[in-house]
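Report on the following structure.
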């Protein structure tokens, strides 16, 4: 199951359609939705003020579609009550619009019988008091039913009839229930979305309510994203936004989860410098409270106390807020992963070159210098400077020079080798035992092959051979009774990998797959196959 929604303006509309058809196949196309997001229109053309953007929807065959919740006006239409208390409305059984005559559809012209006393319908006359109803139009010409004979028979229990006021005829209708098997009816989205909830102004106001100082350009409305998410996902799915911007997708996801108690999760990808100043704090604030004004959380009920002069502002991180109302906060945790940039790589290169070598390089033509850079310098002269084996001896203190601004300034920051290795080997983590004070971290989980795996990181100076053996005994890392198929350990060690029982014990030989972290890490980190 899966769907992709891609927004675009008029300038690249056709190019994007061709690209999506090529990538996903034209058969995966679902809709080209017009979203009116600026009713006043943008004054960007000489003759036409653009008031919309387009959203392409592509999906697999098993695309899950929820529809939209009914508006209050639509719900009010379900004003009738059945004997079981369920609310319903009536829709004409006679077909209206095109192809609505007996001549065009002769098989849909047949009588339906209605018993006014029992208020029941049938396709055969049951009693003399039954009223015969045919699908005549108001002008007396022959029309036709919306359904054929078999479909009417199948749905006869939801059909009812009423006399038409001022005419000597009856009108046949069928019931549409507001709820069916406990599921509330939804409406099918149209290909044009119009309303204040989709406007760019709404997106700006919502973001400034959270962060008044924000000047992020053209954020989308979170209600727009919430409608997309609610319509196209189950309540426990994963949503990926690989151009996250100000974090509107996460905001919309929280709105959807609050609405239907869902457990949807998200992955956001962004490389803009507003990640730390806009995107991350926005998520933190929306988690804490559903409503904000002027950068302060608003309780769901009117607060009984207001901020007084000299009173310290409430801190969302401490769970504080104005008044006695509830902020409708939710339990939530998110992880931030920062990937090494090209500039970070260059900052950490350490070249091994003598002065004669440098003089020789300077004497070469520019094209030869560039060829040398690509073919030799990065592979040979800088080898081992990005990540050396020695750094694995103290894996919790590994540092790299990380770029902090566009001018090229950098700071030394600790990098997470443990987390990085989990991703490199594709480990589905079950448990992490982090004992940094004792010099080790133990990670358990499963590889993509299904093998249960233990990854044991240690500070080699703090956990030497003797301490490592004690730790392995504690963790049951030995061929005799280990529960793990594969064990990764950093640094040199003398952990036995083969165990043979005595003849009396059955003479069974067991082998434990013990692998060193360092070669596995480096080979996967710098692999270029398929790149």
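Structure summary
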read-out	value
Mean projected area in nm² (Cα convex hull; one quarter of hull surface) for segment 1-65	4.9
Highest to lowest packing among 224-235, 165-176, scored as the average C-beta count within 10 Å	224-235, 165-176
Sequence of 34, 354 once ranked by neighbouring C-beta atoms within 10 Å, starting from the fewest	354, 34
Whether segment 148-274 is rounded, prolate or oblate, judged on the alpha carbon gyration tensor where a/c under 1.5 counts as rounded	prolate
Prolate/oblate/rounded call for segment 388-479, Cα gyration tensor, a/c under 1.5 rounded	oblate
Segment residue 27-residue 294, length gained on full extension (0.36 nm per residue, minus Cα span)	91.4 nm
Segment 70-127: C-alpha gyration tensor shape, a/c 1.5 cut-off, then a/b vs b/c	oblate
Estimated FRET transfer efficiency when R0 is 30 angstrom, pair residue 40-residue 277 (beta carbons, to 0.05)	0.55
Theoretical gain in end-to-end length, residue 151 to residue 240 [0.36 nm per residue, Cα-Cα removed]	27.8 nm
Stretch gain in nm, segment residue 92-residue 476, where the contour uses 0.36 nm per residue and the Cα spacing is subtracted	131.0 nm
Bins of 10 Å from zero: percent of alpha-carbon pairs in segment 72-186	13, 41, 34, 12, 0
Computed label-point distance, nm, for sites residue 215 and residue 464 using a 7 Å Cα→Cβ extension	6.0
Separation of the residue 125 and residue 483 label points, Cα + 7 Å toward Cβ, nm	7.8
Relative exposure of 142, 483, judged by other C-beta atoms within 10 Å (fewest first)	483, 142
Proxy reagent accessibility, fewest Cβ within 10 Å first, across 458, 197	197, 458
Between segment 1-16 and segment 441-456, the alpha-carbon center distance in angstrom	40
Compactness relative to 2.2 N^0.38 Å, alpha carbon Rg of segment 149-214	2.12
Contact order normalised by residue count of segment 155-296, Cα under 8 Å, 6+ apart, percent	20
With eigenvalues of the C-alpha gyration tensor scaled by 5 and rooted, segment 1-118, Å	42, 21, 19
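No value in this document is a laboratory result; all are computed from the given coordinates. Fair warning: this is a prediction, and the values are worked out from it, not measured in the lab. Using ideal geometry, Cβ is built from the backbone for each residue, glycine included, and neighbour counts are taken over all protein chains shown.
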